[in-house]
Amino acid sequence: MIFNPKIECMEREEMRALQSERLKKVVKACYEKVPFYKKKMDSRGITPDDIKTIDDIVKLPFTTKTDLRDEYPFGLQAVSQDKVVRIHASSGTTGKPVVDTYTKNDINMWAEGVARVMAAGGVNAGDVVQVSYGYGLFTGGLGAHDGAAMLGAVQLPTSAGNTEKQIMLMQDFGSTVLCCTPSYALRLAEAIHQSDKVSIDKMKLRVGFFGAEPWTEGMRRELEEKLRIKAIDIYGLTEMCGPGVGGECECQNGTHLWEDMFYPEIINPDTLEPCAPGEFGELVFTSLCKEAMPILRYRTRDLTRLIYDKCECGRTAVRMDRILGRSDDMMIIRGVNVFPSQIETVLTEFPAFTPYYFITVDRINNEDTFDLDVELRPEYFSADPKRQMPFIKPLFDRIVSLVGIKPNIHIKPPFGIERSMGKAKHALDKRNFHN
């Protein structure tokens, strides 16, 4: 189902005209109501009159996560506080949290973005949507909740955690849709298959919307097989609104971005110049409809490319390819660029291994070390190191061929790597501790 055919299937030139009109409006609001942007634009000799079409977006300054933290909490807000109806924020684990505020119109826009994704996955008014994202400052829970409500579906706000109860409610209430992080979906799948009280055959689940962390095609296959669902990628970020900036359709051939709300660009992360169409680079967003806290040219650090061909589903909305990784998640080990998602991709190629892993990078005697904890499935595990070798060698060779450096692989027993109820952490760089 297409939730908003007029927008999602709009012809390219008509979409560009809409984007141009909305860009001019948002730039004017930023310049007149946000001192941060006025100062940035003045320093470039740019005024709102210089922005006439969407092509002029390249004249505008970039915004970074550091900027958002420096302006904490409300320095980027473009409306008075009495117009704000909700506040969300990131976890702030690496510094001050990133704050986003919303007017009533912003909440409605956000809900429509999520509703479009859910509709693309076949959700309708007869569905029970189990929202197992965390409710609170994190955008996942309420974002999915409001999107389901806009579709007229039943909202089951289980939030994150309490896995046994989640499964009980999933079974007893007849959940047909699951919304959570992919890592927690896998934890739920494991718990279902381990239980002698629950049968996946009696579950009504048919589709899941997973986001808030990178995941691979291998993880998709695992979730679809274990939960017997269609696994849909839903994309978002706190800086724009939360989940629902885009999502996959039934074709699962790229993430449709709602470019009438969030204009996407791809830039070279080193030169900051626009990339050629179809070229991989860093994803940048400008919020075209946000009232409370509009953001100009936000550098997401996500590395991907954009596909402008019309999708088989009939939507013309631009598609984003799978995210290769984040430029700020990338670790340089012995001069080689390594993304954690590469490891997950490799693990899902080997039936003996679960998708769980943890990377530890350190520097000992002025040399980088690369330790990788992986986990064998119960039917393959043995405490005898000699019986583990047949599994380690092909995994070692595959990682070396893909990444280019040799890891120190450590086999953990089944469930020996910590599971996450929210965003999974896959790496620790101890070299930072020595600085």
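Summary of computed values
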quantity: Lys, Arg +1 and Asp, Glu -1 on Cβ, resulting dipole of segment 71-162 about Cα centre, debye, nearest 20; calculated: 60
quantity: Pair I332, R86: separation of 7 Å Cα→Cβ label points (nm); calculated: 4.0
quantity: FRET efficiency for R431 and E349, using Cβ-Cβ distance with R0 set to 25 Å, rounded to 0.05; calculated: 0.30
quantity: Segment 130-160-segment 336-406 distance, computed between alpha-carbon centres (Å); calculated: 35
quantity: Separation between Cα centres of segment 74-122 and segment 187-245, rounded to whole Å; calculated: 24
quantity: Amide proton proximity set for K412, modelled H, under 5 Å, gap of 5+; calculated: V374, E375, L376
quantity: Sites H193 and K165 - FRET efficiency at Förster radius 25 Å, r taken between beta-carbons, to 0.05; calculated: 0.90
quantity: Rough spin-label spacing in nm, given labels placed 7 Å along Cα→Cβ, for F173 and E224; calculated: 2.7
quantity: Nearest 10 degrees, 0 to 90: helix 104-120 Cα axis against the chain principal axis; calculated: 50
quantity: Listed residues V58, V129, F74: farthest to the positive end of the dipole of the chain (Cβ charges); calculated: F74
quantity: Rounded to 10°, Cα long-axis angle of helix 163-172 versus longest principal axis of the chain; calculated: 80
quantity: K406-E14 pseudo-label distance in nm [points 7 Å out on the Cα-to-Cβ vector]; calculated: 6.1
quantity: Listed residue (F353, T238, C251) projecting farthest to the positive dipole end of the chain, Cβ model; calculated: T238
quantity: Among T238, T271, T64, residue whose mean-square fluctuation peaks in a GNM of the chain (springs only between Cα atoms under 10 Å); calculated: T271
quantity: Accessible carbon and sulfur surface of segment 225-357 relative to its total accessible area, %, 1.4 Å; calculated: 48
quantity: Lys, Arg +1 and Asp, Glu -1 on Cβ, resulting dipole of segment 80-222 about Cα centre, debye, nearest 20; calculated: 80
quantity: Two-site FRET efficiency, D373 against E32, from Cβ-Cβ distance with R₀ of 60 Å, rounded to 0.05; calculated: 0.70
quantity: Angle between the chain longest axis and helix 139-151 axis [Cα atoms, degrees, rounded to 10]; calculated: 70
quantity: Net lengthening on full extension, D397/D321 (0.36 nm per residue, minus Cα-Cα); calculated: 24.6 nm
quantity: Unit charges at the beta carbon, dipole of segment 170-267: most positive-side option, L186, F210, G174; calculated: G174
quantity: Computed magnitude of the charge dipole of the chain (debye, nearest 20; Cβ of K, R +1, Cβ of D, E -1); calculated: 520
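The values are calculated or read from the model by the stated rules, or taken from the named source; none is laboratory data. Since the structure is predicted, the reported quantities are computational estimates derived from the model, not experimental observations. When we count neighbours, we look across all protein chains shown, and the Cβ atoms used for this are built from the backbone with ideal geometry, even at glycine. SASA here: full protein model, heavy atoms, side chains in, ligands and nucleic acids out. Shrake-Rupley method; radii C 1.70, N 1.55, O 1.52, S 1.80 Å.
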